[in-house]
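The values are calculated or read from the model by the stated rules, or taken from the named source; none is laboratory data. Small disclaimer: the values here were computed from a predicted structure and weren't measured. Quick reminder, even Gly has a Cβ in these numbers, built from the backbone with ideal geometry, and neighbours come from all protein chains shown. Surface areas here come from the heavy atoms of the whole protein model, side chains and all, with no ligands, DNA or RNA. Shrake-Rupley method; radii C 1.70, N 1.55, O 1.52, S 1.80 Å.
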Amino acid sequence: MNYYQQTKHDVLESLSTTEQTGLSTHQVEQLLLTNGKNELKQKAKVSPWVIFLQQFKSPLIVVLLAATLVSALIGDMSGSAIIVIIVMLNAIVGFVQEYKAEQSIESLKKMMSLQSRVIRDGQKITIDSTQLVPGDIVILEEGDKIPADGYLLQMNNLETSESVLTGESLPVKKSLEVIVAQVPLADQYNMVFSGTVVVKGFGTFVVTATGMYTQIGTIATLIDTIEDKTTHLQKKLAQLGKKIGWSVIIICIFVFVSYYGWYDMSLSSAFLAAVALAVAAIPEGLPTVVTIALSLGVKRMVKKNALMRKLPAVETLGSVTVICSDKTGTLTKNEMTVKEVYADGKAIHVTGTGYSPNGGFSDSTESLEQLLKIGVLCNHASITSEGKMIGDPTEGCLLVSAKKGGYDRQSYAEYTYIDEIPFDSTRKMMTSIYTYRDNYEVFVKGAVESVLPACNRILDHGVERDLTQEDKTKIIHHNNELADQAMRVLAFAYKKMVAHPDKGTAEIELVFVGLQAIIDPAREEVKDAIQVCHQAGIRVVMITGDNIQTAQAIANKLHITGKAMLGSELELLSDQELLECLADYGVFARVNPSHKQRLVNMLQKQGHIVAMTGDGVNDAPALKQADIGIAMGITGTDVSKEASDMILLDDNFTTIVAAIEEGRGIYDNIKKFVNFLLSTNLAEVLILFVASMIGIPLPLLAIHILWINLITDGLPALALGVDPIDPRSMARKPEPSHANIINKKMAISIILISLVIAITVIVFFLAWYTVDLPMARTGVLLLLVFLEIMRVQMIRSDYHIGMFSNKRLIGSLLLSVLMVGVVIYTPLSTFFQTKPLSDEMWMDVGIYVGIASIVGLGLDYLVDIIWMKKKENSD
């Protein structure tokens, strides 16, 4: 039911209430039973145990647990214990991060926890807002947070801030007029809405909707209906885990059959060989390394004022292709600012932004002081010593412009306020009347089209004279120029009177003084941030509830490209039509929450990875729908934070760019250690596979492989997680959403280098295993470690970072060599079945490492050249 299209009488009758007496106690009791409390339903909290168990859902973890079971079945309890420790470590790290995220504030309840003054049984009483029901008569005063949706019954100069619902930065001036046409939420001037705030005036309204039936409730329902999304990293790791799992099963079966069927090895020995290969194939440290890399990334992001609520979403940031940004408070400061004044025929630029008095005027003129004085005295706002604005933001910025000129209310302490004619939508101006030295002075501000016709004189360089048609033409022309820049222009006038003015005489025969042009300014740093986004292949789209002229003007200043479309126009397009034209538009204005969610959904259908920024309640559904929902930490509502993946602690758009760069760096590092771990693991698999094919003893035992994978591989892999960011990361396009962690180039490189390592090891082992098998295996263990060190540096060279730029990596590589020495030259050698190398074998190890390094570097360079040429041809 569209209450805004009905008369007061019809609304009251439909709700079975009266304006004078309100509802009866009996009616309230019945309505509470029917409609429930005026509160938003909360989703059941996720149990910590559920969060913990969810850490084991990854296919890669399933593969690891299967390896654990196999190790236990053959009696290798030490191997099983090591794998269990790795799996549990991964689960604990993931649980800690996600459990912290789940401890978010119960924001929607907080928005409803208010006290309301109502009329019931003919009496004015104060009740908890959760007890409100449709039909209650609620009394509003300035500063009140509105507790429910309702239809206005009475009002005096009532204005509300609805930016949390509509995105509109200016207060909405309310009206008692019935609206005939069907209009969007932002234009329902005879209605008030739950969660919005009274910034000016007072009034009463009848409650038309409570709880989940309010506009906030509708948004909460939209949020609940959106399924939790799976990040691209989770999808890619799941795919990788499945591929590894199936590969392990097939190869292990082949090796078991090979040793048991063809070479007459005992059942237990063949089974042990197959398990050794399984352990070699499974990158045991990968889940832990991924989790730790993401956790370290989260810590670094906090230092850059970006708080990640969901761990895997860190990687998704680096793949973002579109940022859908709200305008108010995100691209702009959400602080009305006077940017230009016009007096004595002169346009004067005003510096500074927001409610800070820092700034000044580019020029001066005789009538400027009078212009600023009217802005101060015809004003109800105030600014605290802490710089907080109280009241109408437009009036607040007039106080700031006066302060920049050196004037405030104390400057006019001799003026005594006696009366006022409030602003209304018909006159479009406000008048304040003062006494000063036994005379009356009238100060007027309002729309140019209302104030200028009421003037017959003009203040010209401090002297009053007749207002000519030429003057009017110049004023109107300048007003139009400012309006074209999406500025809100106010005209200022005054007159002096001997007798007490009344409403009939106060607003006629005025003296025109000048104009003040106001805008919610773009954040100064955002323009550069958007430029970086363009260079990084990221498209920025503005989606706002504000009017289209203002949105376009801000977009032009920030270099957001594309045409502009209204929400009403968007509704007329089918999904197919919208998909076809979506790339042409960069601004969507006068949109509602469902529009935002639809736009995000359409962009995702086009294959984009979408980040949505916002701070209001109205942004929450789209924040949750987006691949990355980004809420504002300072100005953001709790509702938007609850729906987000990331919170900007400083509300700074540039923080998004820094976070995306960090996300790209983290994803690069994940690819580095996936490359590293799979290169070494595949080499181990090939070594064992070739050995089984040619019928020689295992060059490595299962315990050797576990030691390499978990210690000598794991430590460098962890250190790769904190590798510096590629300095060119924001000069390349985002990773396509369908791209695998392992692309074709990486796959070719992994295969070639694994072959080089495997061939090197097999040739080395063939030369030594008949001389001394335990020493040969020990030599293979040491040789593999040195070859893996070589592989680490080869991988890092692709990312244009220095060899010694990561001190932790250097330390981990040295520690890896030391840990191998521990199992060779300490009593642990008995457990690991190793023995010290002879001088001749040490020399052979050095020669083989040198040859393999030269061949490997040559092949890697060849792959780079071929890939670059292929890329140039495709471009």
Original post:
Measuring from label point to label point, each 7 Å out along Cα→Cβ, what is the Thr25 to Ser47 span in nm?
Top reply: 4.4
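Using Cα pairs closer than 8 Å and at least 6 residues apart in sequence, work out the relative contact order for the chain, in percent. Please report the intermediate quantities before stating the final value.
On the way: 1662 pairs, mean separation 109.6, N = 875.
Once normalised by length, the contact order is 13 percent.
Given R₀ = 56 Å, FRET efficiency for Glu481-Asn439 by Cβ-Cβ distance, to 0.05?
Working: r = 36 Å, r/R0 = 0.65.
About 0.95, to the nearest 0.05.
Calculate the all-directions average of the projected area of the range 597-688's alpha-carbon convex hull, and give it in nm². Can you show the working numbers first?
Working: hull surface 31.3 nm².
Hull-based average projected area comes out at 7.8 nm².
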Subject >> Within the accessible area of the chain (1.4 Å probe), percent carbon and sulfur >> reply: 59
**OP:** List the residues of the range 491-535 whose backbone N lies under 19 Å from a point placed 7 Å from the Cα of His559 along the Cα-to-Cβ direction.
**Re:** 522-535
Original post:
In terms of modelled amide H atoms, which long-range or inter-chain residues lie less than 5 Å from the amide H of Asp651?
Top reply: Gly633, Ile634
Original post:
Can you list the aspartates and glutamates whose alpha carbon sits under 12 Å from that of Lys339, skipping same-chain ones fewer than 8 residues off?
Top reply: Asp520
**OP:** State the extension gain, in nm to one decimal, for the chain segment bounded by Ile696 and Lys243, taking 0.36 nm per residue of separation less the distance between their alpha-carbons.
**Re:** 160.3 nm
Subject >> Potential extension, Gln549-Leu818 segment - 0.36 nm per residue separation minus Cα distance >> reply: 90.1 nm
Original post:
What residues qualify as long-range amide H neighbours of Ile323, i.e. H under 5 Å apart, gap of 5 or more or another chain, H built at 1.01 Å from N?
Top reply: Arg539, Val540, Val541, Ala611
**OP:** Please give the net charge around Gly846, taking every other residue with its beta carbon less than 13 angstrom from that of Gly846, where Lys and Arg add +1 and Asp and Glu add -1.
**Re:** -3
Subject >> Segments 835-847, 317-329 sorted - mean Cβ within 10 Å per residue, highest first >> reply: 317-329, 835-847
Original post:
Mind listing the phi-derived Karplus ³J(HN,Hα) values for the range 387-398, rounded to whole Hz, using 6.51, -1.76 and 1.60 with θ = phi - 60°, and x for any glycine or proline?
Top reply: x, 8, 8, 10, x, 5, x, 5, 5, x, 5, 5
Original post:
With every protein chain left in place, what is the accessible area of Glu177 in Å² (1.4 Å probe, nearest 10)?
Top reply: 120
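Ratio of alpha-carbon Rg to the 2.2 N^0.38 Å globular estimate for the chain, to two decimals, please.
Working: Rg = 35.6 Å, N = 875, 2.2 N^0.38 = 28.9 Å.
In units of the 2.2 N^0.38 Å rule of thumb, it is 1.23.
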Original post:
Say a paramagnetic label sat at a point 7 Å from the Cα of Asp772, along Cα to Cβ; which residues of the range 803-841 have their backbone N under 20 Å from it?
Top reply: 820-841
Original post:
Mind ordering 378-390, 538-550 by average Cβ neighbours within 10 Å, highest first?
Top reply: 538-550, 378-390
**OP:** With only alpha-carbon atoms counted, please give the Rg and Dmax of the range 338-513, in Å.
**Re:** 15.4, 45
Original post:
Roughly what would the spin-label model give for Lys124 and Leu33, points 7 Å off Cα along C-beta, in nm?
Top reply: 3.2
Subject >> 10 Å binning of all Cα-Cα separations within the range 686-798, expressed as whole percents from 0 upward >> reply: 11, 36, 30, 15, 6, 1
Subject >> Label point at Phe202 placed 7 Å out along Cα→Cβ; residues across the range 148-179 whose backbone nitrogen lies under 14 Å >> reply: 154-159
Original post:
Say R0 is 56 Å: what FRET efficiency, to the nearest 0.05, do Arg732 and Gln154 get from their beta-carbon distance?
Top reply: 0.40
**OP:** Give me the accessible area per residue for the chain, probe 1.4 Å, as a whole number in Å².
**Re:** 42
Original post:
Per-residue HN-Hα couplings for the range 173-185, Karplus 6.51 cos²θ - 1.76 cosθ + 1.60 at θ = phi - 60°, whole Hz, x for Gly and Pro?
Top reply: 7, 8, 9, 9, 6, 6, 9, 7, 6, 7, 10, x, 3
Original post:
Short version: ³J(HN,Hα) in whole Hz for each residue of the range 661-673, in order, from phi by Karplus 6.51 cos²θ - 1.76 cosθ + 1.60 (θ = phi - 60°), x for Gly and Pro, what are they?
Top reply: 4, 5, x, 5, x, 5, 5, 4, 5, 4, 5, 4, 7
**OP:** Quickly work out the Glu525-to-Met868 label distance, labels modelled 7 Å from Cα along the C-beta direction, and quote it in nm with one decimal.
**Re:** 3.6
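Would you kindly calculate the translational diffusion coefficient of the range 796-875, applying Stokes-Einstein with the Kirkwood radius from alpha carbon pairs, for 20 °C and a viscosity of 1.002 mPa s, and quote it in µm² s⁻¹ without decimals? Intermediate values should be presented prior to the final figure.
Numbers: Rh = 16.2 Å.
After rounding, the answer is 132 µm²/s.
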Original post:
So between Cys581 and Asn740, what do we pick up on full extension, going 0.36 nm a residue minus the alpha carbon distance?
Top reply: 54.3 nm
Original post:
Where both partners of a DSSP beta bridge lie in the chain, what percent of those bridges are antiparallel, to the nearest 5?
Top reply: 75
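Let a ≥ b ≥ c be the square roots of the eigenvalues of the Cα gyration tensor of the range 131-221; is it rounded (a/c under 1.5), or, if not, prolate (a/b larger than b/c) or oblate?
Values: a/c = 1.24, a/b = 1.09, b/c = 1.14.
Since a/c stays below 1.5, the shape of the range 131-221 is classed as rounded.
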**OP:** Mind checking which lysines have their Cα closer than 29 Å to the Cα of Lys869? Skip sequence neighbours fewer than 8 apart in that chain.
**Re:** Lys236, Lys671, Lys672, Lys733, Lys744, Lys745
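Just from its helices, what would the mean residue ellipticity at 222 nm be for the chain, if runs of 4 or more DSSP H residues each count -39500 (n - 2.57) and the sum is divided by every residue, rounded to the nearest 500 deg cm²/dmol? Provide the component values of the computation, followed by the final result.
Values: 31 runs with 415 residues, N = 875.
-15000 deg cm²/dmol, from helical runs alone.
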Original post:
Can you give the relative contact order of the range 338-513 as a percent, counting alpha carbon pairs under 8 Å and 6+ residues apart?
Top reply: 20
Original post:
Which whole-number percentage describes the relative contact order of the range 745-875, with Cα contacts under 8 Å and a sequence gap of 6 or more?
Top reply: 38
